[in-house]
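Below is one structure, written out as structure tokens; the observations come after it.
The values are calculated or read from the model by the stated rules, or taken from the named source; none is laboratory data. Computed from a predicted structure; not experimentally measured. Quick reminder, even Gly has a Cβ in these numbers, built from the backbone with ideal geometry, and neighbours come from all protein chains shown. Heads up: the accessible areas ignore ligands, DNA and RNA and are worked out on the full protein's heavy atoms, side chains in. Shrake-Rupley method; radii C 1.70, N 1.55, O 1.52, S 1.80 Å.
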Amino acid sequence: LVYTLSINEFRGDRTLQLMFEGIRSAERDLLAEPGRAEAPAPPPLRVYDWRTHAVRVDELPAAASWVAEGASLPLTKDSASGPVVYSPRLAVSAAPELPLVIWNAPPSLSLLEWLRETSQAKVLYLCAEATTDDTLDGVLKQVAGMCKFALARDGLIYIDRMAARLGTTESVIHESLLWLQHRGLIELVEWSPENEPGDAVRITSGTGVRNNAEADLRQARLEEELNEVRARRRYYRRAPLRDLGLGGAAVED
């Protein structure tokens, strides 16, 4: 991970910030030992590139790991032949014996790389179904609904789970939560509560008091994040496989 360190100044406050520059998967240097045969090269990744046309569920393998995110996907289905259901990135684990189906266009290429490495799949099905709502109003409505649901329970929300449900990035969720707070709709009272995951946040009902200047700032940042997500999805749909980090893969029809 490559980043630069700088100072951010805003309204008299000075904070350190890291600016992301680039990312690359780690590579291990293998040194040949005298008298030891080299390990055989692993078989190439097989990719079914179905990004440019609609895909029927019955065209996909019955036994596979799935990543299918977005608010338009149902949480459950009645039968195996029913519609594709929500299958979050968080449920992916190492299963090299199973193909990996990526149903919707991911919000970032780093997530695509993480899914490949985590699943260790040798066969990859790339689809690009439209299951997400990347509009400002759509995202804010969905995040506000999740917060309302949390307030009716224990007031805990989890940024990674919210991002997976909407099929977006954690940065989008983070900016959405800050916008809701500055609009007086919620209060973010505790980040990373004790005995909870690091991305957990405890919220309470808002005071109704608006900070319009801060809300406008957060909205501008959120719109920038959503523009980036939309651009990354478009790039995923049209980019050559080599530009997706899949240059050595064997492409199947």
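Around the Cα centre of the chain, unit charges on the Cβ atoms of Lys, Arg, Asp and Glu (plus for the first two, minus for the last two) sum to a dipole of about 420 debye.
In this view, the solvent-accessible surface of residue 158, computed with a 1.4 Å probe and all protein chains in place, comes to about 40 Å². Per residue, the chain reaches -9500 deg cm²/dmol at 222 nm when only DSSP H runs of four or more residues are counted, each adding -39500 (n - 2.57). Of the whole protein surface, residue 53 contributes about 80 Å² of accessible area at a 1.4 Å probe radius. A probe of 1.4 angstrom, applied to the heavy atoms of all protein chains, finds residue 241 with accessible area near 20 square angstrom. Here's the picture: charge each Lys and Arg Cβ at +1 and each Asp and Glu Cβ at -1 in the chain, and of 120, 110, 181 the one pushed furthest to the positive end of that dipole is 181. Between residue 245 and residues 5 or more places away or on another chain, which pairs have amide H atoms under 5 Å apart, with H built 1.01 Å from N, and which residues are they? For residue 245, no residues qualify. Any idea what the relative contact order of the range 126-220 is, in percent, if you count C-alpha pairs under 8 Å spaced at least 6 apart? Computed value for the range 126-220: 26 percent relative contact order. Projecting the Cα atoms of 211, 60, 156 onto the charge dipole of the chain, computed from C-beta unit charges around the Cα centre, puts 60 farthest toward the positive end. Heavy-atom accessible area with a 1.4 Å probe sorts 207, 15, 131, 118, largest first, into 207, 15, 118, 131. Multiplying the residue separation of residue 2 and residue 17 by 0.36 nm and removing their Cα-Cα distance gives an extension gain of 4.1 nm. For the range 172-223, the relative contact order works out to 43 percent when only alpha carbon pairs closer than 8 Å and six or more residues apart are counted. Considering only 229, 139, 209, the mean-square fluctuation computed in a Gaussian network model of the chain, springs between alpha carbons under 10 angstrom, is largest for 209.
Working note: Cα atoms of the chain, range along each principal axis, descending, whole Å: 69, 51, 37. Note on residue 194 and residue 24: the extension gain reaches 57.9 nm, defined as 0.36 nm multiplied by sequence separation minus the Cα-Cα distance. First select every other residue whose beta carbon is under 15 angstrom from the beta carbon of residue 65; then total the charges, Lys and Arg +1, Asp and Glu -1. In short, +1.
For the range 85-184, the solvent-accessible area works out to 40 Å² per residue, with a probe of 1.4 Å and every protein chain left in place.
Cα centroid separation, the range 117-133 to the range 171-199: 29 Å. Near residue 133, the amide H atoms lying under 5 Å from its own belong to 71; only residues 5 or more places off or on other chains count, and H is placed 1.01 Å from N. For the chain, the relative contact order comes to 19 percent (Cα pairs under 8 Å, sequence separation of at least 6).
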